[in-house]
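Structure first, commentary second.
The values are calculated or read from the model by the stated rules, or taken from the named source; none is laboratory data. This is a predicted model, so every value here is computed, not measured. Ideal geometry is used to build each Cβ from the backbone, glycine not excepted, and the neighbour counts take in all protein chains shown.
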Amino acid sequence: MAVVMENVVLPQRSRKRGLSYEISAKHHGGNRRAAMWSPEVTPAEEFAIFDAADFGDVFDGRGSLYGVEPLAQQLRTLGMWQEQLAKFPRKRPNEPWHCYPVWPLEIPRKGRATKPRKHRPPKEVFDRMREVGLITERQRMRLMNGEYA
């Protein structure tokens, strides 16, 4: 996907709650300091990750959703820093949701990669993803440890 210059609200709504979704320019090349989606992830694929998270009730305690895209034996890389999870921050009613890649996060700092814990989703997110079949038990354990699944 090319750099997005302005936010675009998609016409489709999530299956379970009828939530609207927008592609955020900030996370598609509009702000180089923000978490960025991989250019290989299409808007339709981004929405599908959101829809699956909403359908599976993959919420944290603050009302944010989390999603992944399972492949045959691993999770798809979603972000420019090799993230495999996406966070959909809680929104006010009737506002479109947006998302950014969040975990595991590798940020090069002075020649080495780090995994800052502040970006780690809570345990209940990983447990719920396992419950609804988005990830396997092995993937749950790897992700909780900050490893790629």
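In the stretch 125-149, of all residues being under 14 Å from the mean Cα position of the chain (by Cα) and β-branched (Val, Ile, Thr), the one that is surrounded by the fewest Cβ atoms within 10 Å (Cβ to Cβ) corresponds to ILE135.
Does ALA86 satisfy the criteria of being surrounded by fewer than 21 Cβ atoms within 10 Å (Cβ to Cβ), hydrophobic (A, V, I, L, M, F, W, C) and not in a loop (DSSP other than H, G, I, E, B)? Don't jump to the end; show me each part of the working.
On the way: surrounded by fewer than 21 Cβ atoms within 10 Å (Cβ to Cβ): no; hydrophobic (A, V, I, L, M, F, W, C): yes; not in a loop (DSSP other than H, G, I, E, B): yes.
The answer is no for ALA86.
Select, from ALA72, ALA52, ALA35, the only residue that is outside any helix (DSSP H, G or I), at negative phi and in contact with a Gly (Cβ under 7 Å, 6 or more places away or on another chain). Of ALA72, ALA52, ALA35, the one residue that is outside any helix (DSSP H, G or I), at negative phi and in contact with a Gly (Cβ under 7 Å, 6 or more places away or on another chain) is ALA35. So, LYS91, is that one at pLDDT below 90 and part of a helix (DSSP H, G or I) or not? So LYS91 does not fit the description; no.
What about GLY29, is it of a type outside the set (S, T, N, Q) and closer than 20 Å to PRO122 by Cβ? It is false that GLY29 is of a type outside the set (S, T, N, Q) and closer than 20 Å to PRO122 by Cβ. For the stretch 43-60, filtered to residues that are among the hydrophobic types (A, V, I, L, M, F, W, C) and touching a Cys at 6+ places or on another chain (Cβ under 8 Å), the residue that is surrounded by the most Cβ atoms within 10 Å (Cβ to Cβ) is ILE49. Only one of the numbered conditions (1) crowded, with 17+ Cβ neighbours inside 10 Å; (2) within 12 Å of LYS87 (Cα to Cα); (3) among the small types (Gly, Ala, Ser) is not met by GLY63, and that is (1). Annotation note: of GLN73, GLN12, the sole residue that is more than 22 Å from GLY146 (Cα to Cα) and either free of Cβ contacts under 8 Å to residues at least 12 places away in the same chain or touching a helix residue (DSSP H, G or I) at 6+ places or on another chain (Cβ under 9 Å) (or both) is GLN12. Go through (1) modelled with pLDDT under 95; (2) within 12 Å of the chain's Cα centre (by Cα); (3) within 15 Å of LEU143 (Cβ to Cβ) for GLU69 and report which single condition fails. Result: GLU69 fails condition (1) only.
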